[in-house]
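Colleague: Can you read through this structure? Questions will come right after.
The values are calculated or read from the model by the stated rules, or taken from the named source; none is laboratory data. Quick caveat: nothing in here was measured; it's all calculated off a predicted structure. FYI the Cβ positions are ideal-geometry reconstructions off the backbone, even for glycines, and counts take in every protein chain you see. We work out accessible area using only protein heavy atoms, side chains counted, and drop any ligands, DNA or RNA first. Shrake-Rupley method; radii C 1.70, N 1.55, O 1.52, S 1.80 Å.
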Amino acid sequence: MSPRPNSLAARDAAFHLHGYTNAQKNEQEGGFVITRGKGIYVYDENGKEYLDGMAALWCSGLGFGEEPRLTQAAVKQMQELPFYHTFTQKVASVTVELAEKLVNLAPVPMSKAYFCNSGSEANDTVVKMIWYINNGLGRPQKKKIISRTKAYHGVTVAAASLTGLPGLHIDFDLPIAGILRTDCPHHYRFGNPGESEEDFATRCAESLEKLILREGPDTIAAMFAEPVMGAGGVIIPPKTYFAKIQAVLKKYDILLVADEVICGFGRTGNFWGSQTMGVTPDIMTMAKQLSAGVLPIAAVLVNQRVYEALRDNSAKNTVFGHGITYSGHPVCAAVALETLKIYEERKIVDRVRALEPVFLRELQRFREHPLVGECRGVGLVGAIELVKDKATRQSFDASLAVGPNLVRIAHNHGLIIRAVGDSLAFCPPMVISEAEVVDMFVRFEKSLADVAEWLKRDGHL
Ligand code: PMP
(Lines give C-alpha, C1' and ligand atoms only; values in the text may rest on other atoms or scores of the structure.)
Protein backbone atom coordinates (compact mmCIF):
# COMPACT_ATOMS: atom_id res chain seq x y z
CA MET A 1 0.00 0.00 0.00
CA SER A 2 1.52 3.33 -0.99
CA PRO A 3 1.49 6.12 1.57
CA ARG A 4 -0.96 9.03 1.54
CA PRO A 5 0.53 11.93 -0.48
CA ASN A 6 2.29 14.48 1.74
CA SER A 7 1.90 12.27 4.82
CA LEU A 8 4.96 11.88 7.02
CA ALA A 9 5.18 8.32 5.75
CA ALA A 10 5.43 9.60 2.16
CA ARG A 11 7.97 12.28 3.09
CA ASP A 12 9.99 9.65 4.91
CA ALA A 13 10.03 7.57 1.70
CA ALA A 14 11.15 10.64 -0.23
CA PHE A 15 13.90 11.92 2.03
CA HIS A 16 15.05 9.44 4.63
CA LEU A 17 17.40 6.49 4.33
CA HIS A 18 16.79 3.98 7.15
CA GLY A 19 19.10 1.45 8.76
CA TYR A 20 18.01 -2.20 8.84
CA THR A 21 15.27 -1.50 6.33
CA ASN A 22 14.50 -2.72 2.82
CA ALA A 23 14.90 0.62 0.99
CA GLN A 24 12.75 -0.48 -1.93
CA LYS A 25 9.91 -1.46 0.40
CA ASN A 26 10.19 1.85 2.24
CA GLU A 27 9.98 3.71 -1.07
CA GLN A 28 6.79 1.84 -1.93
CA GLU A 29 5.09 1.81 1.47
CA GLY A 30 6.56 4.80 3.27
CA GLY A 31 7.95 4.86 6.78
CA PHE A 32 6.17 3.69 9.92
CA VAL A 33 6.22 7.09 11.58
CA ILE A 34 5.90 7.37 15.35
CA THR A 35 4.89 10.81 16.56
CA ARG A 36 4.66 10.48 20.35
CA GLY A 37 4.88 8.12 23.28
CA LYS A 38 3.38 7.69 26.72
CA GLY A 39 4.16 5.01 29.26
CA ILE A 40 4.81 1.80 27.35
CA TYR A 41 2.78 2.97 24.33
CA VAL A 42 3.74 4.82 21.15
CA TYR A 43 1.43 6.45 18.60
CA ASP A 44 1.66 6.71 14.82
CA GLU A 45 0.75 9.76 12.74
CA ASN A 46 -2.87 8.59 12.53
CA GLY A 47 -3.08 8.39 16.32
CA LYS A 48 -3.07 4.58 16.41
CA GLU A 49 -1.68 3.21 19.68
CA TYR A 50 0.92 0.44 19.91
CA LEU A 51 2.15 -1.36 23.00
CA ASP A 52 5.90 -1.32 22.47
CA GLY A 53 6.92 -4.84 23.39
CA MET A 54 10.54 -4.05 22.46
CA ALA A 55 11.21 -0.89 24.50
CA ALA A 56 12.01 0.62 21.07
CA LEU A 57 15.33 -1.16 20.45
CA TRP A 58 15.78 -2.93 23.81
CA CYS A 59 16.56 0.45 25.35
CA SER A 60 13.57 2.50 26.56
CA GLY A 61 13.54 0.87 29.97
CA LEU A 62 11.49 3.67 31.52
CA GLY A 63 9.03 3.86 28.62
CA PHE A 64 8.28 7.02 26.69
CA GLY A 65 7.87 10.57 27.85
CA GLU A 66 6.95 9.93 31.46
CA GLU A 67 10.22 10.98 33.03
CA PRO A 68 10.16 14.75 33.53
CA ARG A 69 13.21 14.27 35.74
CA LEU A 70 15.29 13.22 32.73
CA THR A 71 14.17 16.34 30.89
CA GLN A 72 15.05 18.49 33.89
CA ALA A 73 18.46 16.85 34.24
CA ALA A 74 19.18 17.55 30.56
CA VAL A 75 17.96 21.15 30.75
CA LYS A 76 19.93 21.87 33.93
CA GLN A 77 23.11 20.49 32.37
CA MET A 78 22.53 22.41 29.13
CA GLN A 79 22.27 25.60 31.15
CA GLU A 80 25.35 24.91 33.28
CA LEU A 81 27.69 23.39 30.70
CA PRO A 82 26.10 22.13 27.48
CA PHE A 83 29.29 20.55 26.22
CA TYR A 84 32.82 19.77 27.09
CA HIS A 85 35.21 17.06 25.95
CA THR A 86 37.59 14.53 27.47
CA PHE A 87 40.80 15.08 25.49
CA THR A 88 44.05 16.30 27.08
CA GLN A 89 42.86 15.59 30.66
CA LYS A 90 39.81 17.84 30.43
CA VAL A 91 36.41 16.62 31.55
CA ALA A 92 33.01 17.92 32.61
CA SER A 93 32.23 17.42 36.31
CA VAL A 94 29.13 15.35 35.61
CA THR A 95 31.18 12.94 33.47
CA VAL A 96 33.48 12.29 36.44
CA GLU A 97 30.42 11.54 38.57
CA LEU A 98 29.07 9.07 36.03
CA ALA A 99 32.44 7.30 35.67
CA GLU A 100 32.65 6.86 39.46
CA LYS A 101 29.07 5.64 39.64
CA LEU A 102 29.53 3.03 36.92
CA VAL A 103 32.79 1.70 38.35
CA ASN A 104 31.05 1.37 41.73
CA LEU A 105 28.07 -0.41 40.18
CA ALA A 106 30.18 -2.97 38.29
CA PRO A 107 29.56 -6.62 39.20
CA VAL A 108 33.29 -7.35 39.59
CA PRO A 109 36.11 -4.94 40.50
CA MET A 110 36.57 -2.53 37.62
CA SER A 111 39.02 0.32 37.40
CA LYS A 112 38.01 2.95 34.83
CA ALA A 113 35.14 3.98 32.57
CA TYR A 114 35.62 5.20 28.98
CA PHE A 115 32.62 6.82 27.28
CA CYS A 116 31.26 6.42 23.77
CA ASN A 117 28.04 7.30 21.93
CA SER A 118 26.78 3.87 20.92
CA GLY A 119 27.20 0.20 21.65
CA SER A 120 28.98 -0.27 18.33
CA GLU A 121 31.47 2.44 19.14
CA ALA A 122 32.07 0.94 22.60
CA ASN A 123 32.84 -2.47 21.10
CA ASP A 124 35.09 -0.98 18.41
CA THR A 125 36.87 0.93 21.15
CA VAL A 126 37.46 -2.30 23.08
CA VAL A 127 38.93 -4.02 20.02
CA LYS A 128 41.38 -1.14 19.62
CA MET A 129 42.19 -1.15 23.35
CA ILE A 130 42.95 -4.87 23.19
CA TRP A 131 45.26 -4.50 20.20
CA TYR A 132 46.89 -1.48 21.80
CA ILE A 133 47.65 -3.11 25.13
CA ASN A 134 49.00 -6.28 23.55
CA ASN A 135 51.37 -4.23 21.41
CA GLY A 136 52.39 -2.38 24.55
CA LEU A 137 52.91 -5.65 26.42
CA GLY A 138 55.31 -6.80 23.71
CA ARG A 139 53.08 -9.54 22.35
CA PRO A 140 51.95 -8.10 19.02
CA GLN A 141 50.97 -11.54 17.74
CA LYS A 142 48.25 -11.91 20.44
CA LYS A 143 45.51 -10.05 18.56
CA LYS A 144 42.78 -12.37 17.35
CA ILE A 145 39.35 -12.04 18.88
CA ILE A 146 36.75 -14.73 19.32
CA SER A 147 33.03 -14.14 19.07
CA ARG A 148 30.07 -16.42 18.64
CA THR A 149 27.75 -17.38 15.83
CA LYS A 150 24.58 -15.25 16.17
CA ALA A 151 26.38 -12.71 18.39
CA TYR A 152 25.38 -9.07 18.01
CA HIS A 153 27.98 -6.45 18.85
CA GLY A 154 27.05 -3.62 16.48
CA VAL A 155 27.65 -2.32 12.99
CA THR A 156 30.89 -0.32 12.90
CA VAL A 157 33.76 -2.07 11.15
CA ALA A 158 35.16 -4.07 14.07
CA ALA A 159 31.82 -4.49 15.88
CA ALA A 160 30.10 -5.73 12.70
CA SER A 161 32.97 -8.17 12.23
CA LEU A 162 32.38 -9.48 15.75
CA THR A 163 28.67 -9.79 15.05
CA GLY A 164 27.97 -13.36 13.98
CA LEU A 165 25.07 -12.69 11.62
CA PRO A 166 25.71 -13.08 7.86
CA GLY A 167 23.43 -10.15 6.95
CA LEU A 168 25.94 -7.75 8.50
CA HIS A 169 28.83 -9.13 6.44
CA ILE A 170 27.43 -9.81 2.97
CA ASP A 171 28.52 -7.12 0.49
CA PHE A 172 30.26 -5.12 3.24
CA ASP A 173 33.59 -6.93 2.78
CA LEU A 174 33.42 -8.06 6.39
CA PRO A 175 34.48 -9.57 8.71
CA ILE A 176 37.94 -8.07 9.00
CA ALA A 177 40.87 -10.43 9.50
CA GLY A 178 41.58 -11.88 12.92
CA ILE A 179 38.01 -12.54 14.04
CA LEU A 180 37.36 -16.14 15.04
CA ARG A 181 33.92 -17.67 15.42
CA THR A 182 32.90 -20.16 18.07
CA ASP A 183 29.62 -21.93 18.84
CA CYS A 184 26.34 -20.30 19.71
CA PRO A 185 25.15 -21.73 23.04
CA HIS A 186 21.58 -22.34 21.90
CA HIS A 187 20.67 -25.79 23.16
CA TYR A 188 17.32 -25.97 21.36
CA ARG A 189 18.91 -25.26 17.95
CA PHE A 190 22.39 -26.66 18.25
CA GLY A 191 22.16 -29.36 20.94
CA ASN A 192 22.42 -32.94 19.65
CA PRO A 193 19.33 -35.14 20.01
CA GLY A 194 19.16 -36.34 23.61
CA GLU A 195 22.10 -34.16 24.71
CA SER A 196 21.59 -32.50 28.11
CA GLU A 197 22.16 -28.75 28.51
CA GLU A 198 25.13 -29.57 30.72
CA ASP A 199 26.72 -31.83 28.09
CA PHE A 200 26.01 -29.24 25.42
CA ALA A 201 27.79 -26.59 27.52
CA THR A 202 30.76 -28.94 27.92
CA ARG A 203 30.82 -29.49 24.18
CA CYS A 204 30.79 -25.71 23.55
CA ALA A 205 33.75 -25.28 25.91
CA GLU A 206 35.65 -28.18 24.30
CA SER A 207 35.02 -26.73 20.88
CA LEU A 208 36.29 -23.35 22.09
CA GLU A 209 39.46 -24.97 23.41
CA LYS A 210 40.00 -26.80 20.12
CA LEU A 211 39.67 -23.52 18.24
CA ILE A 212 42.19 -21.86 20.55
CA LEU A 213 44.68 -24.71 20.18
CA ARG A 214 44.21 -24.82 16.42
CA GLU A 215 44.89 -21.08 16.06
CA GLY A 216 47.55 -20.96 18.79
CA PRO A 217 46.76 -19.50 22.24
CA ASP A 218 49.53 -16.93 21.78
CA THR A 219 47.62 -15.42 18.86
CA ILE A 220 44.30 -14.89 20.67
CA ALA A 221 43.67 -11.84 22.82
CA ALA A 222 40.02 -11.85 23.84
CA MET A 223 36.54 -13.25 23.51
CA PHE A 224 33.38 -11.14 23.31
CA ALA A 225 30.08 -12.44 24.70
CA GLU A 226 26.65 -11.09 25.52
CA PRO A 227 25.52 -12.76 28.77
CA VAL A 228 22.17 -13.37 27.06
CA MET A 229 22.41 -13.02 23.29
CA GLY A 230 19.85 -10.43 22.24
CA ALA A 231 19.57 -9.48 18.59
CA GLY A 232 20.63 -13.00 17.54
CA GLY A 233 17.31 -14.27 18.91
CA VAL A 234 17.31 -13.94 22.73
CA ILE A 235 19.49 -16.96 23.38
CA ILE A 236 19.96 -17.94 27.00
CA PRO A 237 23.00 -20.17 27.50
CA PRO A 238 22.92 -23.30 29.69
CA LYS A 239 23.49 -22.58 33.38
CA THR A 240 27.07 -23.87 33.47
CA TYR A 241 28.10 -22.50 30.08
CA PHE A 242 30.02 -19.42 31.21
CA ALA A 243 31.83 -21.26 34.02
CA LYS A 244 33.10 -23.78 31.49
CA ILE A 245 33.98 -21.19 28.85
CA GLN A 246 35.77 -18.97 31.34
CA ALA A 247 37.91 -21.83 32.62
CA VAL A 248 39.20 -22.30 29.07
CA LEU A 249 39.84 -18.58 28.52
CA LYS A 250 41.71 -18.29 31.79
CA LYS A 251 43.94 -21.23 30.93
CA TYR A 252 45.15 -19.42 27.79
CA ASP A 253 45.25 -15.86 29.16
CA ILE A 254 42.40 -14.67 26.94
CA LEU A 255 40.36 -11.69 28.15
CA LEU A 256 36.58 -11.89 28.41
CA VAL A 257 34.56 -8.91 27.25
CA ALA A 258 30.95 -8.90 28.45
CA ASP A 259 28.70 -6.98 26.07
CA GLU A 260 26.01 -5.71 28.45
CA VAL A 261 24.43 -3.40 25.87
CA ILE A 262 21.06 -5.20 26.17
CA CYS A 263 21.50 -7.12 29.42
CA GLY A 264 22.69 -4.26 31.62
CA PHE A 265 20.61 -2.19 34.05
CA GLY A 266 18.15 -4.77 35.33
CA ARG A 267 16.89 -6.39 32.15
CA THR A 268 17.67 -9.99 33.17
CA GLY A 269 16.57 -9.68 36.81
CA ASN A 270 19.95 -8.58 38.16
CA PHE A 271 21.60 -5.25 37.63
CA TRP A 272 23.96 -6.92 35.14
CA GLY A 273 23.44 -9.86 32.83
CA SER A 274 26.89 -10.99 33.97
CA GLN A 275 25.42 -11.61 37.44
CA THR A 276 22.49 -13.60 36.06
CA MET A 277 24.72 -15.75 33.87
CA GLY A 278 27.80 -16.09 36.09
CA VAL A 279 30.15 -14.02 33.94
CA THR A 280 33.35 -12.53 35.39
CA PRO A 281 34.41 -10.03 32.74
CA ASP A 282 37.73 -8.23 32.35
CA ILE A 283 36.05 -5.56 30.23
CA MET A 284 32.38 -4.59 29.93
CA THR A 285 30.51 -2.55 27.35
CA MET A 286 27.11 -0.96 27.94
CA ALA A 287 24.72 1.49 26.27
CA LYS A 288 20.94 1.60 25.62
CA GLN A 289 19.32 1.46 29.10
CA LEU A 290 22.28 3.40 30.55
CA SER A 291 20.24 6.48 29.64
CA ALA A 292 16.90 4.64 29.28
CA GLY A 293 17.43 5.24 25.56
CA VAL A 294 16.74 8.95 26.02
CA LEU A 295 20.13 10.25 24.86
CA PRO A 296 22.98 8.44 23.12
CA ILE A 297 25.64 7.30 25.56
CA ALA A 298 27.69 4.14 25.98
CA ALA A 299 30.53 3.10 28.26
CA VAL A 300 33.43 0.69 28.46
CA LEU A 301 34.62 -0.49 31.87
CA VAL A 302 38.10 -1.98 32.15
CA ASN A 303 39.64 -3.77 35.10
CA GLN A 304 42.87 -2.74 36.78
CA ARG A 305 45.06 -5.14 34.81
CA VAL A 306 43.76 -3.88 31.47
CA TYR A 307 43.95 -0.28 32.65
CA GLU A 308 47.56 -0.60 33.77
CA ALA A 309 48.61 -2.06 30.42
CA LEU A 310 46.83 0.79 28.65
CA ARG A 311 48.28 3.41 30.98
CA ASP A 312 51.83 2.16 30.53
CA ASN A 313 51.53 2.05 26.75
CA SER A 314 50.00 5.53 26.63
CA ALA A 315 52.95 6.84 28.65
CA LYS A 316 55.29 5.31 26.08
CA ASN A 317 53.30 6.72 23.13
CA THR A 318 52.72 10.14 24.75
CA VAL A 319 48.92 9.69 24.71
CA PHE A 320 46.29 6.98 24.29
CA GLY A 321 45.56 7.91 20.69
CA HIS A 322 41.87 7.18 20.69
CA GLY A 323 39.25 9.81 21.51
CA ILE A 324 35.74 10.72 20.40
CA THR A 325 34.52 14.32 20.39
CA TYR A 326 31.32 13.50 22.25
CA SER A 327 32.85 10.94 24.64
CA GLY A 328 31.23 11.56 28.04
CA HIS A 329 29.00 14.32 26.65
CA PRO A 330 27.83 16.18 29.77
CA VAL A 331 24.14 16.36 28.80
CA CYS A 332 24.06 12.61 28.07
CA ALA A 333 26.05 11.93 31.23
CA ALA A 334 23.59 13.98 33.31
CA VAL A 335 20.65 12.06 31.86
CA ALA A 336 22.44 8.74 32.46
CA LEU A 337 23.15 9.68 36.09
CA GLU A 338 19.52 10.63 36.62
CA THR A 339 18.41 7.39 34.95
CA LEU A 340 20.57 5.41 37.36
CA LYS A 341 19.03 7.32 40.28
CA ILE A 342 15.54 6.50 39.03
CA TYR A 343 16.46 2.81 38.65
CA GLU A 344 17.65 2.83 42.27
CA GLU A 345 14.65 4.70 43.66
CA ARG A 346 12.17 2.57 41.80
CA LYS A 347 14.09 -0.57 42.73
CA ILE A 348 14.06 -1.53 39.06
CA VAL A 349 15.84 -4.84 39.64
CA ASP A 350 13.25 -5.91 42.25
CA ARG A 351 10.53 -4.83 39.87
CA VAL A 352 11.90 -6.96 37.02
CA ARG A 353 12.24 -9.90 39.42
CA ALA A 354 8.67 -9.49 40.61
CA LEU A 355 7.38 -9.36 37.04
CA GLU A 356 9.55 -12.21 35.75
CA PRO A 357 7.18 -15.03 36.84
CA VAL A 358 4.25 -13.30 35.11
CA PHE A 359 6.31 -12.62 31.98
CA LEU A 360 7.56 -16.22 31.83
CA ARG A 361 4.10 -17.68 32.57
CA GLU A 362 2.57 -15.70 29.70
CA LEU A 363 5.48 -16.55 27.38
CA GLN A 364 5.27 -20.25 28.21
CA ARG A 365 1.53 -20.22 27.52
CA PHE A 366 2.48 -20.68 23.86
CA ARG A 367 4.58 -23.79 24.47
CA GLU A 368 1.86 -26.18 23.34
CA HIS A 369 0.93 -24.19 20.23
CA PRO A 370 1.53 -26.31 17.10
CA LEU A 371 3.66 -23.58 15.47
CA VAL A 372 5.83 -22.89 18.52
CA GLY A 373 9.15 -24.66 18.88
CA GLU A 374 10.61 -22.94 21.91
CA CYS A 375 9.63 -20.26 24.44
CA ARG A 376 12.65 -18.83 26.24
CA GLY A 377 13.05 -15.94 28.62
CA VAL A 378 14.78 -14.48 31.64
CA GLY A 379 13.93 -11.32 33.58
CA LEU A 380 11.94 -9.23 31.14
CA VAL A 381 13.45 -10.42 27.88
CA GLY A 382 12.32 -13.42 25.89
CA ALA A 383 11.51 -14.98 22.55
CA ILE A 384 9.07 -17.38 20.96
CA GLU A 385 10.51 -19.40 18.10
CA LEU A 386 8.10 -20.55 15.43
CA VAL A 387 8.68 -23.80 13.54
CA LYS A 388 7.02 -25.62 10.70
CA ASP A 389 7.37 -28.98 12.44
CA LYS A 390 7.33 -29.11 16.20
CA ALA A 391 8.63 -32.69 16.40
CA THR A 392 11.65 -32.27 14.09
CA ARG A 393 12.17 -28.55 14.93
CA GLN A 394 12.24 -27.85 11.19
CA SER A 395 12.03 -24.13 10.47
CA PHE A 396 9.81 -22.51 7.87
CA ASP A 397 11.26 -21.73 4.48
CA ALA A 398 13.02 -18.39 4.96
CA SER A 399 11.36 -17.01 1.82
CA LEU A 400 8.01 -17.12 3.65
CA ALA A 401 9.35 -14.58 6.14
CA VAL A 402 6.99 -15.92 8.80
CA GLY A 403 8.58 -13.91 11.63
CA PRO A 404 8.64 -10.55 9.76
CA ASN A 405 5.07 -11.16 8.56
CA LEU A 406 3.95 -11.79 12.13
CA VAL A 407 5.57 -8.51 13.17
CA ARG A 408 3.58 -6.70 10.47
CA ILE A 409 0.34 -8.41 11.43
CA ALA A 410 1.00 -7.53 15.09
CA HIS A 411 0.80 -3.86 14.10
CA ASN A 412 -2.88 -4.47 13.28
CA HIS A 413 -3.31 -5.66 16.86
CA GLY A 414 -1.47 -2.66 18.29
CA LEU A 415 1.73 -4.49 19.19
CA ILE A 416 5.35 -3.81 18.32
CA ILE A 417 7.70 -6.78 18.61
CA ARG A 418 10.80 -7.80 16.68
CA ALA A 419 11.56 -10.76 14.47
CA VAL A 420 14.91 -12.49 14.38
CA GLY A 421 14.18 -14.94 11.61
CA ASP A 422 11.16 -16.78 12.96
CA SER A 423 11.95 -15.99 16.61
CA LEU A 424 9.78 -13.20 17.96
CA ALA A 425 11.52 -11.13 20.60
CA PHE A 426 9.90 -9.44 23.60
CA CYS A 427 11.74 -6.82 25.63
CA PRO A 428 9.16 -4.39 27.04
CA PRO A 429 9.96 -1.27 29.05
CA MET A 430 10.87 -2.38 32.59
CA VAL A 431 8.10 -0.15 33.95
CA ILE A 432 5.42 -2.34 32.33
CA SER A 433 2.67 -3.49 34.73
CA GLU A 434 1.49 -7.05 35.31
CA ALA A 435 -1.77 -6.35 33.44
CA GLU A 436 0.17 -4.87 30.53
CA VAL A 437 2.39 -7.97 30.32
CA VAL A 438 -0.76 -10.09 30.04
CA ASP A 439 -2.19 -7.69 27.44
CA MET A 440 1.05 -7.80 25.41
CA PHE A 441 0.75 -11.58 25.06
CA VAL A 442 -2.99 -11.38 24.27
CA ARG A 443 -2.08 -9.10 21.36
CA PHE A 444 0.61 -11.59 20.34
CA GLU A 445 -1.90 -14.46 20.55
CA LYS A 446 -4.21 -12.69 18.09
CA SER A 447 -1.29 -12.03 15.74
CA LEU A 448 -0.16 -15.66 15.91
CA ALA A 449 -3.72 -16.83 15.15
CA ASP A 450 -3.75 -14.65 12.01
CA VAL A 451 -0.40 -16.06 10.93
CA ALA A 452 -1.56 -19.64 11.48
CA GLU A 453 -4.65 -18.94 9.39
CA TRP A 454 -2.57 -17.41 6.57
CA LEU A 455 -0.14 -20.37 6.55
CA LYS A 456 -3.00 -22.88 6.50
CA ARG A 457 -4.97 -20.99 3.86
CA ASP A 458 -1.95 -20.82 1.53
CA GLY A 459 -1.02 -24.46 2.10
CA HIS A 460 2.28 -23.87 3.92
CA LEU A 461 1.49 -26.20 6.83
N1 PMP B 1 25.86 -4.91 21.49
C2 PMP B 1 24.65 -5.46 21.67
C3 PMP B 1 24.51 -6.65 22.55
C4 PMP B 1 23.52 -4.88 21.07
O5 PMP B 1 22.32 -5.43 21.24
C6 PMP B 1 23.69 -3.73 20.27
C7 PMP B 1 22.50 -3.05 19.62
N8 PMP B 1 21.36 -3.77 19.46
C9 PMP B 1 24.97 -3.24 20.10
C10 PMP B 1 26.03 -3.83 20.73
C11 PMP B 1 25.21 -2.04 19.23
O12 PMP B 1 24.71 -0.92 19.82
P13 PMP B 1 24.39 0.39 18.93
O14 PMP B 1 23.23 0.04 18.05
O15 PMP B 1 24.09 1.43 19.98
O16 PMP B 1 25.60 0.72 18.17
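Colleague: In whole Å, largest first, what are the principal axis extents of the Cα atoms in the range 307-398?
Modeller: Cα extents, longest axis first: 63, 38, 24 Å.
Colleague: Please report Rg over Rh for the range 170-251, where both radii come from the alpha carbon positions and Rh follows the Kirkwood definition. Provide the component values of the computation, followed by the final result.
Modeller: On the way: Rg = 13.6 Å, Rh = 13.9 Å.
On the Cα set of the range 170-251, Rg over Rh gives 0.98.
Colleague: Hey, can you list the DSSP H helices of the chain whose Cα span along the axis is 15 Å or longer and whose average Kyte-Doolittle score is at least 1.0?
Modeller: Counting only whole DSSP H runs, no helix qualifies.
Colleague: May I have the convex hull volume per residue, in Å³, for the Cα set of the range 245-315? Intermediate results must be reported in sequence, preceding the final value.
Modeller: Numbers: hull volume 6.3 nm³, N = 71.
For the range 245-315, the hull spanned by Cα atoms encloses 89 Å³ per residue.
Colleague: Using the crude model of +1 on Lys and Arg Cβ and -1 on Asp and Glu Cβ, and no other charge, please compute the dipole size for the range 120-215 relative to its Cα centre, in debye to 20.
Modeller: 400
Colleague: May I pose another question? About its Cα centre, what dipole magnitude does the chain give when the only charges are +1 on Lys and Arg Cβ and -1 on Asp and Glu Cβ, stated in debye to the nearest 20?
Modeller: My answer is approximately 620 debye.
Colleague: Calculate, for the range 357-440, the solvent-accessible area per residue in square angstrom, rolling a 1.4 angstrom probe over the heavy atoms of the protein chains.
Modeller: 38
Colleague: Suppose the chain between Glu27 and Ala398 were pulled fully straight at 0.36 nm per residue; how much longer would it get relative to their current alpha carbon spacing?
Modeller: Numbers: separation 371, 0.36 × 371 = 133.56 nm, distance 2.31 nm.
The Glu27-Ala398 span can extend by a further 131.2 nm.
Colleague: Can you tell me, using C-alpha contacts under 8 Å and at least 6 residues apart, the relative contact order of the chain as a whole percent?
Modeller: 18
Colleague: Keeping all protein chains in position, work out how much accessible area Ser147 exposes to a 1.4 Å probe, and write it in Å² to the nearest 10.
Modeller: About 0 Å², ignoring ligands and nucleic acids.
Colleague: What translational D, rounded to a whole number of µm²/s, comes out for the range 323-461 from Stokes-Einstein when the hydrodynamic radius is the Kirkwood one over Cα pairs, at 10 °C and 1.306 mPa s?
Modeller: Answer from the Stokes-Einstein relation: 95 µm²/s.
Colleague: If you project the alpha carbons of the range 1-81 onto the principal axes, what extent comes out on each, in Å, largest first?
Modeller: 45, 29, 23
Colleague: Specify which residue in the list Cys116, Gly414, Ile145 is farthest towards the positive end of the charge dipole of the chain, using unit charges on the beta carbon of Lys, Arg (+1) and Asp, Glu (-1), about the Cα centre.
Modeller: The Cα lying farthest towards the positive end belongs to Ile145.
Colleague: How much space per residue, in cubic angstrom, does the convex hull of the C-alpha atoms of the chain take up? Intermediate results must be reported in sequence, preceding the final value.
Modeller: Working: hull volume 69.2 nm³, N = 461.
Considering the Cα atoms of the chain, their hull volume per residue is 150 Å³.
Colleague: Within the range 1-32, list the residues whose amide N lies under 17 Å from a label point set 7 Å along Cα→Cβ of Tyr43.
Modeller: 8-9
Colleague: Taking all protein chains in place and a 1.4 Å probe, what share, in percent, of the accessible surface of the range 358-461 do carbon and sulfur account for?
Modeller: The computed percentage sits at 50.
Colleague: As a test of the formula, what do you get for the chain when each DSSP H run with n ≥ 4 contributes -39,500 (n - 2.57) and the sum is divided by the residue count, at 222 nm and rounded to the nearest 500 deg cm²/dmol?
Modeller: The per-residue figure over the chain is -12500 deg cm²/dmol.
Colleague: Right, next: Only Cα pairs under 8 Å and at least 6 apart count here; give the relative contact order of the range 170-310 as a rounded whole percent.
Modeller: 18
Colleague: Once ligands and nucleic acids are excluded and a 1.4 Å probe is used, how much of His18 is accessible, expressed in Å² to the nearest 10?
Modeller: Here the accessible area works out near 60 Å².
Colleague: Report the far tail of the P(r) of the range 215-358, meaning the percent of Cα-Cα pairs longer than 23 Å.
Modeller: Details: 4710 of 10296 pairs.
In whole percent, the long-distance tail amounts to 46.
Colleague: In the chain, what % of DSSP beta bridges are antiparallel (nearest 5)?
Modeller: For the chain, the DSSP antiparallel bridge percentage is about 65.
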